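Visitor: Quick one: structure below, then a few questions.
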Ligand SMILES: [Cu+2]
C-alpha cells in the first residue's frame, strides 16, 4: 500500500535551491554556487570564442581555407589552465567537503541510528527501539507484513519499529542512516537536508545528517529504479524532541506483543464415547 501524503508545511520548491534545513547545507550550497559560476564563465567564454570563429573564419570571396594548425600556443595554455583549475576544484575544493561528510560520522552514542532499506517502491525505515539494538533479520522471513524479515524470536526485535516511507527524526540531533537495498539500485535523497546517496543491493552505506529546523518535507528516489520510480516518494517529519517522543510512543503502542509462551502439555486423547444400546 502506498503511504499517504503528509501535509507539506514548507512547499518552497521552485526556482533555485530548495530550503536548507541541514547543518551542513551551507557548505554544499557554496560548493554548488562556486562550480556553477565557473561553468557560467566557461560557457560564456567559449560561446564568445565560438561566435568569433564563425565570423572571423567564415567563407567569403578571396579567402581560402587553411588546413595548417594555428601557430599560436595561447589556446593550448588556455585549455591546460582550465583543466588545472578543474582539478583544483575537484581535489582542493570538493574533495575535502565530500570526505568530511562521507567519512567523519558523528558518534553513534550521540546520534539516532536507523536503517533504511529501499525496495521497489518504498523506503523501509528500521528504528532499533528502546534497547538501541536492531533485531536480527533474515531474508527468508520477508513477507508483506514483515518487509524487513525481522526475526521475532530475537529478543532485540521485540521493540523495533518499522515505518514505511515515513521518516521521523528529531531536530538538532545527528542521524546516522545505514542504507541498503532489497532489489535494485535506488538513490536516497532528501533535498532539504542536502542528502543524496546511491543505495546498492549487497552493500551498506552509512550516511549522516542533522536537521536545524522542524517541518514536513519529501524523500525522493534519485535513481530511475523501475516503472514505479515516481511512486517512491517518502516523507520526512523533522520533529521537536517532544513531538518525536510522542510519535515514537504511538508506534510502540501499536507493537504487537510477542505471543505469550504457552506451557507444553501432553496431547489428550478423547474419551471413548459411551456405548449406546437400542
Ligand atoms: Cu528507487
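Visitor: Determine if the stretch 173-193 includes at least one residue that is closer than 21 Å to residue 247 by Cα, under 17 Å from the mean Cα position of the chain (by Cα) and within 16 Å of the ligand (Cβ to nearest atom).
Guide: yes
Visitor: Any residue in the stretch 217-230 that is on the phi > 0 side of the Ramachandran plot sitting within a Cβ distance under 9 Å of a residue that is within 8 Å of the ligand (Cβ to nearest atom) and assigned to a loop (DSSP other than H, G, I, E, B)? List the pairs, counting only those 6 or more apart or interchain.
Guide: Pairs found: 226/120; 226/121; 226/184; 226/232.
Visitor: Hey, another quick one. Residues being within 16 Å of the ligand (Cβ to nearest atom) and surrounded by fewer than 17 Cβ atoms within 10 Å (Cβ to Cβ): count how many of those fall in the stretch 148-172. If you could, list the steps in order and put the result at the bottom.
Guide: Just the residues of the stretch 148-172 that are within 16 Å of the ligand (Cβ to nearest atom), to begin with: 164-165, 167.
Keeping just the survivors that are surrounded by fewer than 17 Cβ atoms within 10 Å (Cβ to Cβ) gives 164.
Summing the residues that are within 16 Å of the ligand (Cβ to nearest atom) and surrounded by fewer than 17 Cβ atoms within 10 Å (Cβ to Cβ) in the stretch 148-172 gives 1.
Visitor: Within the stretch 209-218, which residues are crowded, with 16+ Cβ neighbours inside 10 Å and either at pLDDT 95 or above or outside any strand (DSSP E or B) (or both)? Before you say what the answer is, go through the steps one by one.
Guide: To start, the set of residues in the stretch 209-218 that are crowded, with 16+ Cβ neighbours inside 10 Å comprises 209-211, 214-218.
Result: 209, 210, 211, 214.
Visitor: Does residue 62 satisfy the criteria of being loosely packed, with under 11 Cβ neighbours inside 10 Å, outside the structural domain of residue 239 (by TED's automatic domain parsing) and closer than 19 Å to residue 196 by Cα?
Guide: no
Visitor: Let me ask something additional. Sort out which residues of the stretch 194-206 are more than 16 Å from the ligand (Cβ to nearest atom) and crowded, with 16+ Cβ neighbours inside 10 Å, and write them in order of number.
Guide: 194 - this is the single residue of the stretch 194-206 that is more than 16 Å from the ligand (Cβ to nearest atom) and crowded, with 16+ Cβ neighbours inside 10 Å.
Visitor: Counting only residues that are farther than 11 Å from residue 165 by Cβ and assigned to a helix (DSSP H, G or I), which one in the stretch 219-232 is farthest from the ligand (Cβ to nearest atom)?
Guide: Among those residues, the one meeting the criterion is 230.
The values are calculated or read from the model by the stated rules, or taken from the named source; none is laboratory data. These numbers were taken from a predicted model, which means no experiment stands behind them. Cβ: placed from backbone, ideal geometry, glycine included. Neighbour counts: every protein chain shown.
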